[in-house]
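Asks: Sending over a structure as structure tokens; questions will come in a sec.
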Amino acid sequence: MTGETLYPRLEPLLAQIQKPIQYVGGELNSQVKPWDAAAVHWALMYPDAYEVGLPNQGLMILYEVLNERPDALAERTYAVWPDLAGLMRENGVPQFTVDGHRAVRDFDLLGVSFATELGYTNLLEALDLAGVPILAADRDDTHPVVVAGGHAAFNPEPVSDFVDCAVLGDGEQAVGDITDVVKAWKAQGRPGGREELLARLARVDGVYVPRFYAVSYGPDGAIAAVTRTRDDVPVKVGKRTVMDLDEWPYPKTPLVPLAESVHERMSVEIFRGCTRGCRFCQAGMITRPVRERTITGIGSMVEQGLKATGYEEVGLLSLSSADHSEIGQLAKELADRYEGTNTSLSLPSTRVDAFNVTLANELSRNGRRSGLTFAPEGGSERIRRVINKTVSKEDLVRTVTTAYANGWRQVKLYFMCGLPTETDEDVLEIADLAVEVIKAGREASGQRDIRCTVSIGGFVPKPHTPFQWAAQASAETIDHRLRVLRQAINADRRIGKSIGLRYHDGKPGVIEGLLSRGDRRVGRVIERVWREGGKFDGWSEHFSFDRWTAAAEAELTPLGVDLDWFTTRERTEQEILPWDHLDSGLDKEFLWDDWQEALNEEEVADCRWTPCYDCGVCPTMGTEIQIGPTGRSLIPLTVV
Amino acid sequence: MARQPEGPPPPPTVQKLRIRYAKRGRLRFASHRDLARTLERALRRAQVPMAFSAGFSPHPKISYLGAAPTGAASEAEYLEIGLSIRCDPEAVGAALDAALPQDVAVVECVEAQEGTGSLADRIDTSVWRVELPGVALADLQPALAEFLSRDVVTVAKRTKNGLKDIDARASVTSASAVEEAGCAILHMVVRQGTPAVRPDDVLAALTAVADLRPPLPPRAVREAQGRLDDTGTVADPLGPDRVASTRCQGAHATI
């Protein structure tokens, strides 16, 4: 009998660990379906701690989409902290779902959403705890099919030994297609076993099955060829794109955790995709084109969601929320609707634009006006041209000053360092900028207690972007630039004390770089790190740089490559990249030209407002830009 | 000049309600903070007209009284809420109960009556029931007798600042051992104080005095809270509000 609850065996362990609430399930809007009622069982995993994984929109959407199908059942599982993992191993309790406390091993599929590559070791830990062989090749018909998704799945090669398949792009429709395939295969008595099931899945649009592709390497260490091992699988696997977001208003009933999570708010995705063309941004490249939800669609999601959750804050989510064609009207009309209800509305970090201060003022009309976040990303005007996120220093200072003048006390500025062509001078301009912002802000607001927080991290080049060929800056370079920046900010204490500097050292970025642009050979490094105790790599208290470098040395040296080869080495135009057979729709030639233009500090416009510049996505994927304005408006809600 | 929130100040509190609620089942693993978040969201979903504090960061007016520890269930947790519009306490209780997760239940909701004093002043003692799976009554009884015969039993308690020695004995005003369905049950009445003596501390004391070591984690339930009187009875803290409200309704009836 499968699908049995493990809770009675788990409960005694919960009394002995930290934050047991994260493992008990029962969140508002969660559900447990009867096991036998569903033909296909999905376990959905976010490979990080519950507090990080629960708010993940992707997982929440798929959970709801799948559970709406009468023939499918979906439950959630998260990475288990070492205190409980130890007790589970001692007591023979396997990896479980938090909904029905069912063994992950009993499910037909284990879907894992990789927002970041630093979750890879947690996948291995979860598979091992589940009693599922960590190598896909060792699994048989009784084991779940391990499906990777999320942005990192656009280069799943480093985890290709561990996953059975990867889904490229939007998951809403793909999970349905996969469910259909698994259901039919089971109903037919599992013909041809696991191999046949995977072959059928490989023919589903957007599904990549690594085992049906062979990779060979040349004497220089680079990939010589990627070839199909079956002729009934696609040569190139293209991504999935959901069109008409109003047709997919998920999550309709967002999950509300009892435990504290990293986002104590409800989120509504106002559009998907971004064509601003920031060259460092993988999300903006792989999610094209822009597809807006309409103002009325957003209004009803906010209304339904608040009713279903009781949240007091709503985040209007997207890659660049102020770019929604109806954002001004949306902000005003939502603020009108929720006036006097103690409901606050917020935007995630925005581009540097005075209009965005107006927007934030409007959204915060009913609530707090504590902090505002802008993301200039690059320290100097020159480097901002390189990354195609152009804003002049004057505009930046003026925008931030406007924010202070409007009563915002705290402005946060996001930057990256280690960008292609960057020098110390580019990074030092951040200090100049912060000083000017404080001076002008004190004057404009008449207050001395304003603050500016500079948040800065090392840049990691990502697949499917113009910077996919770039040399990543070494950890030493990053740490050096952060050091000189800190000194410059502290040079004048009278100003410096109003400036906060938050940064991450360069080491984790190097490992993220290895995992981002790695090929199949990196899988051995991941496995070794996990075997030596590595997990929760996104957490500084668990991340061990030395363990990673030692594992990379041991596993890669015999193959004639090393950590630097994967990270700080610039690639040539001719090199076959590990993800070349995975199609985000972007022409490789377009990306290369954009890379060259970056080096020449040339800008590229946004195709929403200028003619198409042939990035390749729409014609390849059969998609088109979907934007408003619709001319509709939000009528006031009936007073309750 | 400091920025002021736009618009009029929030409406004042016109009514206070006192609520007894239970946390049961899996939600015994909820911490006080987890429960507070859950209750606040449930109040919003139930559309209870909460009064809010003024300023840029308005908070609903809710005060919680001493929360049961994470891992312990309770049939008697208390909180007080301030409303901006007068409501029928029973209707608020029912709406909140419907909006809460299954394992958190509103047991009673009454209106705080003027002149009956604060709720906090009516609570100084907890009544606990602790199930000890795998422990025989024959082992629990002598251990408990030994514990009760002592004046002081010092145990180490884990606090934010590391381990701290506390006396687990003095706060226990009475205790008894029984058996139900082959499982030993410890009943005890414990005075609340600082540092708080919790069921875990008493169990640690039983280990210390009689080497009683439960093979499985014990399950504690707070059955009641209230003021301990001289006869050893724990008075219902909502009693005075209920009495005053009955009197009040009686007065209305005569009009």
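The values are calculated or read from the model by the stated rules, or taken from the named source; none is laboratory data. None of the values given here were measured: they were computed from a predicted structure. We place every Cβ from the backbone using ideal geometry, glycine too, and count neighbours over all the protein chains shown.
Asks: Counting just the residues of the range B:57-68 that are touching a residue at least 12 places away in the same chain (Cβ under 8 Å) and within 11 Å of chain A (Cβ to nearest Cβ), which one comes out nearest to A:ILE17 (Cα to Cα)?
Replies: Within the range B:57-68, the first condition is being touching a residue at least 12 places away in the same chain (Cβ under 8 Å), and the residues that meet it are B:58, B:60-68.
From the residues that got through so far, the ones that are within 11 Å of chain A (Cβ to nearest Cβ) too are B:58, B:60.
On the way: B:PRO58: 35, B:PRO60: 32 Å.
The residue in question is B:PRO60.
Asks: For a quick check of your reading of the model, give me the residue pairs whose first member lies in the range B:34-56 and is facing chain A (nearest Cβ under 7 Å) and more than 21 Å from A:ALA259 (Cβ to Cβ), whose second is in a loop (DSSP other than H, G, I, E, B) and among the β-branched types (Val, Ile, Thr), with beta-carbon atoms closer than 7 Å and at least 6 apart or on different chains.
Replies: B:GLN47/A:VAL640
Asks: Give the residues of the range A:253-264 that are within 11 Å of chain B (Cβ to nearest Cβ) and either of a type in the set (Phe, Trp, Tyr) or part of a loop (DSSP other than H, G, I, E, B) (or both), sorted by residue number.
Replies: Of the residues in the range A:253-264, the ones within 11 Å of chain B (Cβ to nearest Cβ) are A:256-261, A:264.
The answer is A:PRO257, A:LEU258, A:ALA259, A:GLU260, A:SER261, A:GLU264.
Asks: Looking only at the range A:216-238, filter to residues that are touching a residue at least 40 places away in the same chain (Cβ under 8 Å) and in contact with a helix residue (DSSP H, G or I) (Cβ under 7 Å, 6 or more places away or on another chain); which one of those is surrounded by the most Cβ atoms within 10 Å (Cβ to Cβ)?
Replies: My answer is A:GLY238.
Asks: Then there is this: Restricting to the range B:1-24, name every residue that is modelled with pLDDT of 95 or more and either within 10 Å of chain A (Cβ to nearest Cβ) or in a strand (DSSP E or B) (or both).
Replies: Within the range B:1-24, B:GLN15, B:LYS16, B:LEU17, B:ARG18, B:ILE19, B:ARG20, B:TYR21, B:ALA22, B:LYS23 qualify.
Asks: Here's something else I'd like to know. Here's a check for you: in the range A:81-111, which residue that is within 24 Å of the chain's Cα centre (by Cα) and closer than 20 Å to A:VAL182 by Cα is surrounded by the most Cβ atoms within 10 Å (Cβ to Cβ)?
Replies: By that ranking, first place goes to A:GLY111.
Asks: Could you identify the single residue in A:GLU117, A:GLU157 that is out of contact with any helix residue (DSSP H, G or I) (no Cβ under 6 Å at 6 or more places or on another chain) and either of a type outside the set (A, V, I, L, M) or surrounded by fewer than 24 Cβ atoms within 10 Å (Cβ to Cβ) (or both)? Steps first, please.
Replies: Numbers: A:GLU117 fails: out of contact with any helix residue (DSSP H, G or I) (no Cβ under 6 Å at 6 or more places or on another chain).
After applying the criteria, what remains is A:GLU157.
Asks: Same structure, new question: Can you report the number of residues in the range A:376-408 which are buried (at least 24 other Cβ atoms within 10 Å of the Cβ) and within 14 Å of chain B (Cβ to nearest Cβ)?
Replies: 2
Asks: Hey, another quick one. Considering only the range A:144-183, state which residues are among the acidic types (Asp, Glu) and under 23 Å from A:ASP128 (Cα atoms).
Replies: The first filter runs over the range A:144-183 and keeps only residues among the acidic types (Asp, Glu), leaving A:157, A:161, A:164, A:170, A:172, A:177, A:180.
Scanning the range A:144-183 gives A:GLU157, A:ASP161, A:ASP164.
Asks: Just a yes or no: is a residue in the range B:111-118 outside any strand (DSSP E or B) and either among the aromatic types (Phe, Trp, Tyr) or within 14 Å of chain A (Cβ to nearest Cβ) (or both)?
Replies: Going residue by residue through the range B:111-118, those that are outside any strand (DSSP E or B) are B:112-118.
Then keep just the ones that are either among the aromatic types (Phe, Trp, Tyr) or within 14 Å of chain A (Cβ to nearest Cβ) (or both); that gives none.
Looking through the range B:111-118, none of the residues is outside any strand (DSSP E or B) and either among the aromatic types (Phe, Trp, Tyr) or within 14 Å of chain A (Cβ to nearest Cβ) (or both).
Asks: Could I ask something else about it? So which of A:LEU413, A:LEU428, A:LEU433 is in a strand (DSSP E or B), closer than 30 Å to A:THR568 by Cβ, touching a residue at least 12 places away in the same chain (Cβ under 8 Å) and among the aliphatic types (A, V, I, L, M)?
Replies: Numbers: A:LEU428 fails: in a strand (DSSP E or B); A:LEU433 fails: in a strand (DSSP E or B).
One residue alone meets the criteria, A:LEU413.
Asks: Could you identify the single residue in A:THR350, A:THR373 that is under 28 Å from the mean Cα position of the chain (by Cα), surrounded by fewer than 20 Cβ atoms within 10 Å (Cβ to Cβ) and under 14 Å from A:LYS412 (Cα atoms)? Walk me through how you get there before you give the answer.
Replies: Working: A:THR350 fails: surrounded by fewer than 20 Cβ atoms within 10 Å (Cβ to Cβ).
Testing whether each residue is under 28 Å from the mean Cα position of the chain (by Cα), surrounded by fewer than 20 Cβ atoms within 10 Å (Cβ to Cβ) and under 14 Å from A:LYS412 (Cα atoms) leaves just A:THR373.
Asks: Are there any helices (runs of 4 or more DSSP H) wholly within the range A:7-124 with 3 or more residues that are within 30 Å of A:VAL460 (Cβ to Cβ) and in contact (Cβ under 8 Å) with a residue 24 or more places away in the chain, and if so which? Before the answer, list the steps.
Replies: Numbers: elements: A:7-14, A:50-53, A:57-68, A:82-91.
Per the criteria, A:50-53, A:57-68.
Asks: For the range A:549-635, which helices (runs of 4 or more DSSP H) that fit wholly inside it have 2 or more residues that are in contact with a Pro (Cβ under 9 Å, 6 or more places away or on another chain) and either of a type in the set (Lys, Arg) or surrounded by fewer than 17 Cβ atoms within 10 Å (Cβ to Cβ) (or both)? Explain how you work it out, then say what you get.
Replies: Values: elements: A:563-566, A:588-599, A:617-621.
Fully inside the range A:549-635 and qualifying: A:588-599.
Asks: May I pose another question? Take the residues in the range A:1-34 that are away from every other protein chain (no Cβ under 14 Å) and surrounded by fewer than 17 Cβ atoms within 10 Å (Cβ to Cβ), then tell me which one is farthest from A:GLU68 (Cα to Cα). Lay out the reasoning, then the answer.
Replies: First, pick out the residues of the range A:1-34 that are away from every other protein chain (no Cβ under 14 Å): A:1-4, A:33-34.
With the extra rule that they be surrounded by fewer than 17 Cβ atoms within 10 Å (Cβ to Cβ), the set shrinks to A:1-2, A:4, A:34.
Numbers: A:MET1: 25, A:THR2: 22, A:GLU4: 22, A:PRO34: 14 Å.
The selected residue is A:MET1.
Asks: Further, regarding this structure: Tell me which strands (runs of 3 or more DSSP E) are completely within the range B:138-255 and hold 3 or more residues being of a type in the set (Val, Ile, Thr) and surrounded by 13 or more Cβ atoms within 10 Å (Cβ to Cβ), or say none if there are none.
Replies: On the way: elements: B:154-159, B:162-167, B:172-180, B:183-191, B:219-228.
Once the strands (runs of 3 or more DSSP E) in the range B:138-255 are filtered for at least 3 residues that are of a type in the set (Val, Ile, Thr) and surrounded by 13 or more Cβ atoms within 10 Å (Cβ to Cβ), what remains is B:172-180, B:183-191.
Asks: Here's another thing I want to ask about it. Just one of A:ARG276, A:ARG291 is closer than 24 Å to A:TYR613 by Cβ, more than 17 Å from the chain's Cα centre (by Cα) and surrounded by 21 or more Cβ atoms within 10 Å (Cβ to Cβ); which is it?
Replies: On the way: A:ARG276 fails: surrounded by 21 or more Cβ atoms within 10 Å (Cβ to Cβ).
Unique residue meeting the criteria: A:ARG291.
Asks: When the residues of the range A:441-499 are narrowed to those that are part of a helix (DSSP H, G or I) and small (Gly, Ala, Ser), which ends up surrounded by the fewest Cβ atoms within 10 Å (Cβ to Cβ)? So that I can check it myself, show each step before the final result.
Replies: First, pick out the residues of the range A:441-499 that are part of a helix (DSSP H, G or I): A:441-445, A:466-469, A:475-489, A:493-496.
Checking the rest, the ones that are also small (Gly, Ala, Ser) come to A:441, A:444-445, A:475, A:488, A:496.
Numbers: A:GLY441: 25, A:ALA444: 17, A:SER445: 19, A:ALA475: 22, A:ALA488: 19, A:GLY496: 19.
Of everything passing the filter in the range A:441-499, A:ALA444 is surrounded by the fewest Cβ atoms within 10 Å (Cβ to Cβ).
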